[in-house]
1. Looking only at residues that are closer than 19 Å to Leu6 by Cβ and within 11 Å of the ligand (Cβ to nearest atom) in the stretch 105-125, which one is farthest from the chain's Cα centre (by Cα)?
2. Out of curiosity, is Ala98 on the phi < 0 side of the Ramachandran plot, crowded, with 19+ Cβ neighbours inside 10 Å, out of contact with any Pro (no Cβ under 7 Å at 6 or more places or on another chain) and not polar (S, T, N, Q)?
3. Of everything in the stretch 122-148, what is part of a loop (DSSP other than H, G, I, E, B) and open to solvent by 20 Å² or more (accessible area, probe 1.4 Å)? Give them in sequence order.
4. Which strands (runs of 3 or more DSSP E) sit wholly inside the stretch 1-104 and have at least 2 residues that are within 10 Å of the ligand (Cβ to nearest atom)?
5. Would you mind stating whether Glu135 is free of Cβ contacts under 8 Å to residues at least 12 places away in the same chain and under 17 Å from His9 (Cβ atoms)?
6. Condition check: open to solvent by 70 Å² or more (accessible area, probe 1.4 Å) and modelled with pLDDT of 95 or more. Does Lys64 satisfy that?
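The values are calculated or read from the model by the stated rules, or taken from the named source; none is laboratory data. Please read all numbers here as calculations on a predicted model, not as lab measurements. Every residue, glycine as well, gets a Cβ built from its backbone with ideal geometry; the counts of neighbours run over all protein chains shown. The area values use the complete protein model at the heavy-atom level, side chains included, leaving out ligands, DNA and RNA. Shrake-Rupley method; radii C 1.70, N 1.55, O 1.52, S 1.80 Å.
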Amino acid sequence: MKKTVLVMHGPNLSALGRRRPDIYGTLTLPALDGLIKKRAEELGLAVKCFQANGEGELIDWLEKNSPRAHALLINPAAYTHYSYALRDAVEACALPAAEVHLSDISKREPFRRISVIKPVCLRQFKGKGELSYIEALEFLAGLIKGTEG
Ligand code: DQA
């Protein structure tokens, strides 16, 4: 059985490709998910991708899907900066987690420099566009490869 990585995209990432292409690039969300799935296949992993704009939808999905998954890759989008609810959900799911950002949040507006999600993730990947996701997936693959369950 392949190990499963949950891939979660937070609010407004549904508008990728149209939204601030100067910052986030021109790749759409389905195209990004396609790249992630392709790399996951090469790594021998299964991925389950989900995007929602609502905090509750993201938390419900994580709670429902985490018991059968092995790792979590999450771009919490704007929730990164203030959602203690999402932070607690990531902690509660107890999966090895990687936080991802297309842009370099450390070099943007001051409010973006804070991540309340970072302390419950093993690593943060940022500033490399879609490559941030690929590097995070490779990191998680290395972690869960050869583990039990
Ligand atoms: C983002 C950065 C966040 O500050 C922003 O709210 C996003 C996208 C990124 O991927 O660079 O929606 O998470």
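1. Ser115
2. Spelling it out, Ala98 is indeed on the phi < 0 side of the Ramachandran plot, crowded, with 19+ Cβ neighbours inside 10 Å, out of contact with any Pro (no Cβ under 7 Å at 6 or more places or on another chain) and not polar (S, T, N, Q).
3. Start the filter on the stretch 122-148 by keeping residues that are part of a loop (DSSP other than H, G, I, E, B), which leaves 122, 127-129, 145-148.
Leu122, Gly127, Lys128, Lys145, Gly146, Thr147, Glu148 - these are the residues of the stretch 122-148 that are part of a loop (DSSP other than H, G, I, E, B) and open to solvent by 20 Å² or more (accessible area, probe 1.4 Å).
4. It comes to 71-75, 97-101.
5. Judged against the criteria, Glu135 is a match.
6. Taking the combined requirement at face value, the residue satisfies it.
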